[in-house]
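The values are calculated or read from the model by the stated rules, or taken from the named source; none is laboratory data. All values reported here derive from a predicted model rather than from experimental measurement. Note that we place each Cβ from the backbone using ideal geometry, even for glycine, and neighbour counts take in every protein chain shown.
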Amino acid sequence: MAERDNRRGRQDRDETPEFADRLVAINRVSKTVKGGKRFGFAALVVVGDQRGRVGFGKGKAKEVPEAIRKATESAKRNMIRVPLRDGRTLHHDIEGRHGAGKVVMRTAPAGTGIIAGGPMRAVFEMLGVQDVVAKSIGSQNPYNMIRATLDGLGKEASPRQVAARRGKKVADILKKPEAEAPAEAAEA
């Protein structure tokens, strides 16, 4: 019986890839009651496999470790997959919005690194992006910044997805317009 349980545990580990997590913010809130103040904690966590999947979650509890655990579980349930070019950067420039938060994310050449502030940096690191330039405009609230970042990343489309949606080949999508103009001039 123990041998079978051991095998099942190994299968569960193989099916679920290991996720990295990053604590973005902890907020201490207090409630005034008859005997004094009761403190609670809210945690904001970003989780990713650093290979194109990322999610965020928030958790509240009376103790910090419990709040972080709840936030991590919530983040693992709310993950999205983002296509990456060469596994290191975005395919195209994108904007994301949530409430008053607006973020602009631009693709970058190799060696640029992650140029982004606070909560956005955590999202890109957990996603596995190595080269990106990003700017947050508007709200500096970490919750809104992360939601805006994930909104933009959800709009990210790979050339394969665009080709499938338009009924074309990937080569037709990636073809440069400048290369077509001289060919047409030579035929005329």
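Within region 128-145, the set of residues being aliphatic (A, V, I, L, M), more than 14 Å from the chain's Cα centre (by Cα) and surrounded by 15 or more Cβ atoms within 10 Å (Cβ to Cβ) comprises just one member, Val133. Scanning region 96-129 for residues that are closer than 20 Å to Arg81 by Cα and touching a Gly at 6+ places or on another chain (Cβ under 7 Å) gives Gly96, Val103, Met105, Met126, Leu127, Gly128.
Taking into account only those residues within region 105-127 that are among the β-branched types (Val, Ile, Thr) and within 17 Å of Val46 (Cβ to Cβ), which is surrounded by the most Cβ atoms within 10 Å (Cβ to Cβ)? The extreme case among them is Val123.
Between Ala148, Ala122, the distinction of being small (Gly, Ala, Ser), under 16 Å from Gly57 (Cα atoms) and within 9 Å of the chain's Cα centre (by Cα) belongs to Ala122 only. Selection within region 1-25: residues that are within 30 Å of Asp131 (Cα to Cα) and among the small types (Gly, Ala, Ser). The member of this set that is modelled with the highest pLDDT is Ala25.
Among the residues of region 146-188, write down those that are farther than 30 Å from Arg22 by Cβ, aliphatic (A, V, I, L, M) and either at pLDDT 85 or above or surrounded by 14 or more Cβ atoms within 10 Å (Cβ to Cβ) (or both).
Of region 146-188, the ones farther than 30 Å from Arg22 by Cβ are 162-188.
Remaining after also requiring aliphatic (A, V, I, L, M): 162-164, 170-171, 173-174, 179, 181, 183, 185-186, 188.
Across region 146-188, the qualifying residues are Val162, Ala163, Ala164, Val170, Ala171, Ile173.
Kindly indicate whether Pro119 is in contact with a Pro (Cβ under 6 Å, 6 or more places away or on another chain) and modelled with pLDDT of 90 or more. So Pro119 passes the test.
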